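The values are calculated or read from the model by the stated rules, or taken from the named source; none is laboratory data. Remember, predicted model here, so these are calculated numbers, not experimental data. Cβ coordinates were reconstructed from backbone atoms using ideal geometry, including for glycine residues, and neighbour counts include every protein chain displayed. Accessible surface areas use protein heavy atoms only, side chains included; no ligands, DNA or RNA. Shrake-Rupley method; radii C 1.70, N 1.55, O 1.52, S 1.80 Å.
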Amino acid sequence: QVQLVESGGDLVQPGGSLRLSCAASGSIFSINVMGWYRQAPGKQRELVAQIISGGNTHYADSVKGRFTISRDNAKNTVYLQMNSLKPEDTAVYYCHAQIMTYSIRTMRGYWGQGTQVTVSS
């Protein structure tokens, strides 16, 4: 059994910063890609940022230069540092990871429960 638990969502003013965390736990053999998605009301879920095990990163154009994704492989944790936040960043942010467990030796995708980020004055 694998769990992804996010934290760090909050209400913040435009121009402010937040740091999201997502910790994976369970019978984890290895983790490949870890990433953050977001879903605003009435919109489809979209990719925000991804980081692979070797450290390469990918960002959505809308967050480049403002958001930074990082990971701590020893802690099975991924972070999203969000700076210069805008009202359009308001959404539920979901963590996603491709994980291989000891019992199932193939990569599978897992989702966290989501954390709300609201950017408003």
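Within region 63-79, work out how many residues are on the phi > 0 side of the Ramachandran plot and surrounded by fewer than 18 Cβ atoms within 10 Å (Cβ to Cβ).
1
Over 23 Å from Val12 (Cβ atoms), over 12 Å from the mean Cα position of the chain (by Cα) and of a type outside the set (Ser, Thr, Tyr) - does that describe any residue in region 86-96?
Looking for residues that are over 23 Å from Val12 (Cβ atoms), over 12 Å from the mean Cα position of the chain (by Cα) and of a type outside the set (Ser, Thr, Tyr), one finds none in region 86-96, hence no.
Scan region 95-103 and give yes if some residue there is open to solvent by 70 Å² or more (accessible area, probe 1.4 Å) and not basic (Lys, Arg), otherwise no.
Looking through region 95-103, at least one residue is open to solvent by 70 Å² or more (accessible area, probe 1.4 Å) and not basic (Lys, Arg).
Cβ-Cβ below 7 Å, separation at least six or inter-chain, first residue in region 48-72 and aliphatic (A, V, I, L, M), second in a strand (DSSP E or B) and open to solvent by 60 Å² or more (accessible area, probe 1.4 Å): which pairs?
Ala49/Thr57; Ala49/His58; Ile51/Thr57; Ala60/Glu46; Ile69/Thr57
Give the residue, chosen from Leu11, Leu85, Leu18, Leu47, that is out of contact with any Lys or Arg (no Cβ under 6 Å at 6 or more places or on another chain) and more than 19 Å from Ser121 (Cα to Cα).
Of the residues listed, the single one that is out of contact with any Lys or Arg (no Cβ under 6 Å at 6 or more places or on another chain) and more than 19 Å from Ser121 (Cα to Cα) is Leu47.
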